[in-house]
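Heads up: the structure comes next, in structure tokens.
The values are calculated or read from the model by the stated rules, or taken from the named source; none is laboratory data. It should be emphasised that the depicted structure is a prediction, and the values quoted were computed from it without experimental measurement. Methodologically, a virtual Cβ is constructed for each residue, glycine included, from the backbone with ideal geometry; neighbour enumeration extends over all protein chains shown. When the accessible area is computed, the model is the full protein with side chains, heavy atoms only, and any ligands, DNA or RNA have been set aside. Shrake-Rupley method; radii C 1.70, N 1.55, O 1.52, S 1.80 Å.
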Amino acid sequence: MLEDIKKIRGETASRQQYCAAAPNTSVWVEASAGTGKTKVLSDRVLRLLLNADNPKPERILCLTYTKAGAVEMKSRIFERLSEWSVINDSALQKSLTELFSGKNLSFEEMQKYMSRARVLFALLLDTAGGMKIQTIHGFCQEILSRFPIEAGVSPYFEVIETEEQIDILNQIRRDLLNNAQIYRQGENSAYMRYITENMKEDSFDKALIEIIENRSKLQKIFDNYADFTDFETDLARKIGADPNKLIADFCNDFTKQNSAQLLLAAEILSHGSKTDREKSEGLKNLSVHGWRVSDFENLKKLILTEKQTPQIKGTKESKLYNPRITDIGQDLANKMSDTLQKIKKQKLFFASQALFGIAYKLFDMYAEYKKKRAKLDYNDL
């Protein structure tokens, strides 16, 4: 049973490959690595050459994603054609039958294909420039070299290889780290200040490496915006942050908007147990100075437990003085939780803004490097 299934799958795959290799149809092939995509493309080229009355290898263009793919495809085609030129008739008939997926060729068709197959290798060798099997980047480079003015690039541009590109970006990364203090006074001062104050140097270095590794994705994001200010505005909107506010502003807002309730809670707790009276003193002091971030942290501890439940509940004595203390504590806890969520979003925005800002600067420096030296990388191509 299992053998039958394998046989059926094999026959189905062969039929699909045969159909995909048909030169008179436009085909998209989607398949995993090692499933025969290169074979399909190679067979397609061979059938193009065999089907033409006057084959012109120079008119065929094959584009692959990698150089290794281009070399592999060229090797397969040359190996097959060189083999056809010397093998005996019986072996050639078998090879052609396999190429056409077992199709029963008529005697006339087989004779025609055999006579063409014998001379294709010599024809390919005599073709000026050979068959064009190259990478997509290589093809783009060739077109740009022919029309540099129309493309807006230097006529003498050079292509940066992957290894060189990584070296350049790493050098820019080192320059950003070495000149951190300079940028604290420059256009990126806010971003660099946030980074140096909130991240260890090795963490920042790792972040820059990750930025470099994902430069294509990040650059595509930046390309959707007119400038970085436009990007920042949209970033704040998506996070739900206010780009014009500082963390201290949220602390100040909470204290101002809830000062009356904080003082009322302090007054009620002052009639309670020793613990309540200690909380009362803290609330009185922090309701005035709680706008400072350091003081706000202490105010938060008086209002919320570590499990984010109300800290102000009132002991028996406090509740006898004013039973509203529990409701007041719950209300303050809810408002504090809401403020902490806003602060969390704001911190996320500042961190993202800083890292994206440094990335934007890094890409800008990289673009300037390429422009001064008439260089293009693969993404540019």
**Asked** Taking a 1.4 Å probe, which of 137, 271 shows the most accessible area, and what order do the others take after it?
**Response** 271, 137
**Asked** Helix 293-303: angle to the longest alpha-carbon principal axis of the chain, degrees 0 to 90, nearest 10?
**Response** 70
**Prompt:** Which value, in Å², gives the accessible area per residue of region 267-343 when a 1.4 Å probe is used on the protein heavy atoms?
**Reply:** 59
**Request:** Whenever you get a sec, compute what percent of the accessible area on region 238-280 sits on carbon and sulfur atoms (1.4 Å probe).
**Result:** 51
**Request:** Kindly provide the helix-only [θ] at 222 nm of the chain, computed as the sum of -39,500 (n - 2.57) over DSSP H runs of four or more divided by all residues, to the nearest 500 deg cm²/dmol?
**Result:** -22500 deg cm²/dmol
**Request:** Would you mind telling me the share, in percent, of accessible area of region 43-115 contributed by carbon and sulfur at probe 1.4 angstrom?
**Result:** 50
**Message:** Rounded to whole Å, give me the distance from the Cα center of region 343-381 to that of region 90-114.
**Reply:** 58
**Complete:** Ordering 227-240, 293-306, 344-357 by per-residue average of other C-beta atoms within 10 angstrom, highest first, gives 344-357, 293-306, 227-240
**Item:** Rel. contact order, % - alpha carbon contacts under 8 angstrom, at least six apart, region 82-228
**Value:** 13
**Asked** What residues qualify as long-range amide H neighbours of residue 133, i.e. H under 5 Å apart, gap of 5 or more or another chain, H built at 1.01 Å from N?
**Response** 62
**Prompt:** At a Förster radius of 45 Å, what calculated FRET efficiency corresponds to the Cβ-Cβ distance of residue 106 and residue 143, to the nearest 0.05?
**Reply:** 0.60
**Asked** Can you give me the relative contact order of the chain as a percent, contacts being Cα pairs under 8 Å and 6 or more apart?
**Response** 17
**Request:** Provide the FRET efficiency to the nearest 0.05 for the residue 166-residue 119 pair, computing r from the beta carbons and using R0 = 35 Å.
**Result:** 0.15
**Asked** Straight-line reach from residue 94: which lysines have a Cα under 16 Å away, not including same-chain ones fewer than 8 places off?
**Response** 103, 112
**Request:** Rounded to the nearest 10 degrees, what's the angle between the helix 67-84 long axis and the longest principal axis of the chain, both from Cα atoms, 0 to 90?
**Result:** 20
**Asked** Along region 85-95, what does the Karplus equation 6.51 cos²θ - 1.76 cosθ + 1.60 (θ = phi - 60°) give for ³J(HN,Hα), rounded to whole Hz, x for Gly and Pro?
**Response** 6, 10, 6, 6, 4, 4, 5, 5, 4, 5, 5
**Asked** Quick one: length gained pulling residue 151 to residue 270 fully straight, 0.36 nm per residue minus the C-alpha distance?
**Response** 35.1 nm
**Prompt:** So, in Å, what gap is there between the alpha-carbon centers of region 126-142 and region 204-277?
**Reply:** 54
**Asked** For residue 304, which sequence-distant residues (separation of 5 or more, or a different chain) have an amide H within less than 5 Å of its own amide H, given hydrogens modelled in the peptide plane?
**Response** 311
**Item:** Karplus-derived HN-Hα couplings along region 334-344 (A = 6.51, B = -1.76, C = 1.60, θ = phi - 60°), whole Hz, x at Gly and Pro
**Value:** 5, 5, 5, 4, 5, 5, 5, 5, 5, 5, 4
**Item:** Solvent-accessible area per residue for region 46-97 (1.4 angstrom probe, square angstrom)
**Value:** 59
**Prompt:** Which value, in debye to the nearest 20, gives the size of the charge dipole of region 252-381 about its Cα centre, when Lys and Arg are +1 and Asp and Glu are -1 at the Cβ?
**Reply:** 360
**Asked** In nanometres, what is the gap between the two model label sites at residue 79 and residue 315, each 7 Å from Cα along Cα-to-Cβ?
**Response** 8.8
**Message:** So I have (1) 1.08; (2) 1.00; (3) 1.70, and one of them is Cα Rg over 2.2 N^0.38 Å calculated from this model. Which one is it?
**Reply:** (3)
**Message:** Using the Karplus curve 6.51 cos²θ - 1.76 cosθ + 1.60 with θ = phi - 60°, what ³J(HN,Hα) values do you get for each residue of region 143-150, in whole Hz, with x for Gly and Pro?
**Reply:** 5, 5, 5, 7, 10, x, 5, 4
**Asked** Which trypsin sites (Lys or Arg not before Pro) in region 57-126 pass both tests, a DSSP loop state and at most 12 other beta-carbon atoms within 10 Å?
**Response** 103
**Asked** Say each of residue 193 and residue 35 gets a label point 7 Å from the Cα, pointing the same way as Cα to Cβ; how far apart are those two points in nm?
**Response** 5.5
